[in-house]
Amino acid sequence: MGKQLQIAMNEADEKDFISFLRSAADIRMIETFAPTIEKLWVDDFNPIFKGHHTYAIWNTAFAWTPEYGTVGEQAHDPNSVGWRYISNAGDAPLLHMTRSNLPSGVSGRLYWAKDFAAPDGLAYDVASFSTWIDSVWRWVRRHGKKLENLDWQPYVFRGELERIAFEDREP
């Protein structure tokens, strides 16, 4: 089974998180869907939240060859027909991240599927990848504050904590 943590980060917190990841490993970031294969691969989170809320982070120390699929005519969003995605993400050495939007009541999450979506097993060193994931979890727990009064009890980071505190002070 996989591992997950609920998170709440603003854009500055996300930059801190990615800086941490880059300081510890060579990573590549992947959008969930994009008009072209080239646009799947990004250097940072898109500042425009809409349509850019789920990413995968690949620690390139773990060998993997991405395979690409194309969104078909049955897509939920007709504007995404023909867009590209990674079709073998379920059994890849990827950390998945869904961005948070607490003003809308949505916490984000970090998730490693592990073997949940890999019925044929995993082709990478699961023990070593798990060690890396554990280091990410430790960073989250050290830099975030778990707020048990929020749904899903996310780890909330400095920028989001400041925003919440500011909203609480407003008349």
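Got a sec? Which strands (runs of 3 or more DSSP E) wholly within segment 1-80 have at least 3 residues that are among the charged types (D, E, K, R) and farther than 21 Å from Ala113 by Cβ?
none
Please specify each residue of segment 25-45 satisfying the condition of being surrounded by 14 or more Cβ atoms within 10 Å (Cβ to Cβ) and touching a helix residue (DSSP H, G or I) at 6+ places or on another chain (Cβ under 8 Å).
Passing the criteria: Ala25, Ile27, Met29, Ile30, Glu31, Phe33, Ala34, Phe45.
Could you check, for segment 86-105, whether at least one of its residues is in a loop (DSSP other than H, G, I, E, B), among the hydrophobic types (A, V, I, L, M, F, W, C), under 26 Å from Gly144 (Cβ atoms) and modelled with pLDDT of 90 or more?
yes
From Ile37, Ile133, Ile57, grab the single residue that is in contact (Cβ under 8 Å) with a residue 40 or more places away in the chain, farther than 25 Å from Met9 by Cα and either of a type in the set (Val, Ile, Thr) or touching a Gly at 6+ places or on another chain (Cβ under 9 Å) (or both).
None of the others qualify; the one that does is Ile37.
Could you list, in sequence order, the residues of segment 86-127 that are more than 27 Å from Ala12 (Cα to Cα), surrounded by 13 or more Cβ atoms within 10 Å (Cβ to Cβ) and among the hydroxyl-bearing types (Ser, Thr, Tyr)?
Residue satisfying the conditions is Tyr124 alone.
Conditions tested, residue by residue: (1) within 30 Å of Glu160 (Cα to Cα); (2) at pLDDT below 95.
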position	(1), (2)
Ala12	yes, yes
Met29	yes, no
Val42	yes, no
Glu67	no, no
Asn79	no, yes
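From the set of residues in segment 140-163 that are outside any helix (DSSP H, G or I) and more than 15 Å from Arg109 (Cα to Cα), which is farthest from the chain's Cα centre (by Cα)?
First, the residues of segment 140-163 that are outside any helix (DSSP H, G or I): 144-157.
Pick out the ones that are also more than 15 Å from Arg109 (Cα to Cα) and you get 148-149.
Working: Glu148: 22, Asn149: 23 Å.
It comes out as Asn149.
The values are calculated or read from the model by the stated rules, or taken from the named source; none is laboratory data. Just so it is clear, the structure is predicted and the values come from calculations on it, not from any experiment. Neighbour counts run over all protein chains shown; Cβ positions are idealised from the backbone, glycine included.
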